[in-house]
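Just so it is clear, none of the values below were taken in a lab; they were calculated from the coordinates. Every value quoted in this text rests on a predicted model; they were computed, and no experiment measured them. Quick reminder, even Gly has a Cβ in these numbers, built from the backbone with ideal geometry, and neighbours come from all protein chains shown.
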Amino acid sequence: MDYKNLLFEVEEGIAVITFNRPKALNAMNTETMKELMAAVIDCKNDESIKVLILTGAGEKAFVAGADIAEMQNLRPKEALAFMELGHETLRLLETLPKPSIAAVNGFALGGGTEISMACDIRFASETARFGQPEILIGLIPGWGGTQRLSRLVGTGRAKELVMSGEQIDAKRAYEIGLVNRVFPPDQLLAETKKFARKLTGMPGFAIKMAKHAINFGYDLSLDNATRLEMECCAQCFSTDDQKEGMKAFLEKRKPVYTGS
Ligand code: DAK
């Protein structure tokens, strides 16, 4: 598929989706969200893709939010459709059976923070800025911000950010657990790719099961969640990679995983 507002590259099992609407600091309009959905579906269906990275073009922005110019005159029915498109896309991203990493290279505001939170892992450049500023334009987050932010940083900090609309820098985002690692701007993508390469070498089915157990166990009771974990773990014993991993350990050599 040809994308107008995204760049989509695949190299050595790693797909990189780059938001590329520089005139609006990569803000998400309907067209870009539809393209993101198509790209995530491509990543899901393409077996050669093992890991997905999302980043923004240029040094200034990851995604500066939903497109305010497009949203300005929406009627409630249209607003709901835009919100549902975003929700569906981010849920697809969140439940993609492969790891996703947001490489946040600049402003990640509103929808930008929300997209990064639908990824499994967030790496940020020292210049990145996060926030849920919707309140400043008379809204609240519409793409899962109130829920995923609470789950990542706790309800107190989520309320602080959502009610004040304040931006935080990468250091603070790291302190509150919103981002996993922070890098100098010129190292962000290289370091993200380095980490992604590490994941491409892992046993793919076990990665998928780990993600499934964490994602779908989170809202269950501890009893049901640990039961889910056990079942996911037991399923790993059906793979050649589990046999290879344990054999290699006992033979004191590096495992060679095939993904089967
Ligand atoms: N939408 C549209 N255009 C944007 C934009 C955005 N979110 N952010 C920036 N731009 C555009 C600016 O209008 C400007 O365009 P021109 O004037 O050059 O034509 C260009 O990008 C450069 O921006 P600035 O000139 O403002 O650049 P600065 O360096 O001075 O400031 C900034 C950078 C990121 C601090 C500033 O642009 C800014 O505050 N941007 C808005 C950030 C923001 O509020 N983001 C959250 C958007 S709300 C829902 C669905 C979704 C959501 C809610 C409800 N439903 C459908 C119900 C989610 C909402 C959001 O994400």
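Relative contact order for the chain: what is it in percent, counting Cα pairs under 8 Å that are at least 6 residues apart? In percent, rounded to a whole number, it is 15. Relative protection proxy for 3-9, 68-74, from highest mean packing down: 3-9, 68-74 (other beta-carbon atoms within 10 angstrom). Counting neighbouring Cβ atoms within 10 Å and putting the fewest first, the residues 122, 21, 91 line up as 91, 21, 122.
Under the shape rule built on the C-alpha gyration tensor, where the axes satisfy a ≥ b ≥ c, segment 99-148 is oblate, since a/c reaches at least 1.5 while a/b does not exceed b/c.
Under the shape rule built on the C-alpha gyration tensor, where the axes satisfy a ≥ b ≥ c, segment 91-192 is oblate, since a/c reaches at least 1.5 while a/b does not exceed b/c. Evaluating 6.51 cos²θ - 1.76 cosθ + 1.60 at θ = phi - 60° for every residue in segment 131-143, the Karplus couplings come out as x, 10, x, 4, 4, 6, 10, x, 10, 10, x, x, 10 Hz, glycine and proline recorded as x.
The calculated P(r) of segment 169-217, using every Cα pair and 10 Å bins from 0, goes 22, 34, 37, 7 in percent. When the pairs 4/193; 44/211; 193/247; 34/194 are compared against a 20 Å limit on Cα-Cα distance, 4/193; 193/247; 34/194 fall above it. Take 169-175, 112-118, 33-39 and order them by the average number of nearby Cβ atoms within 10 Å per residue, most first; the result is 112-118, 33-39, 169-175. Taken about its Cα centre, segment 133-187 carries a charge dipole of roughly 240 debye when the Cβ of each Lys and Arg holds +1 and the Cβ of each Asp and Glu holds -1.
Under the rule a/c < 1.5 gives rounded, and otherwise a/b versus b/c splits prolate from oblate, where does segment 33-92 land using the Cα gyration tensor? Oblate shape, in that a/c is at least 1.5 and b/c is the bigger or equal ratio.
Taking only the alpha carbons of the chain, we obtain Rg and Dmax values of 18.9, 66 Å in that order. Each 5 Å bin, from zero up to the one with the longest distance, holds this percent of the alpha carbon pairs of segment 38-144: 3, 12, 21, 22, 19, 14, 7, 2, 0.
Helix screen, the chain: DSSP H segments with Cα axial length of 24 Å or more and mean Kyte-Doolittle hydropathy at least -0.5 are 76-94.
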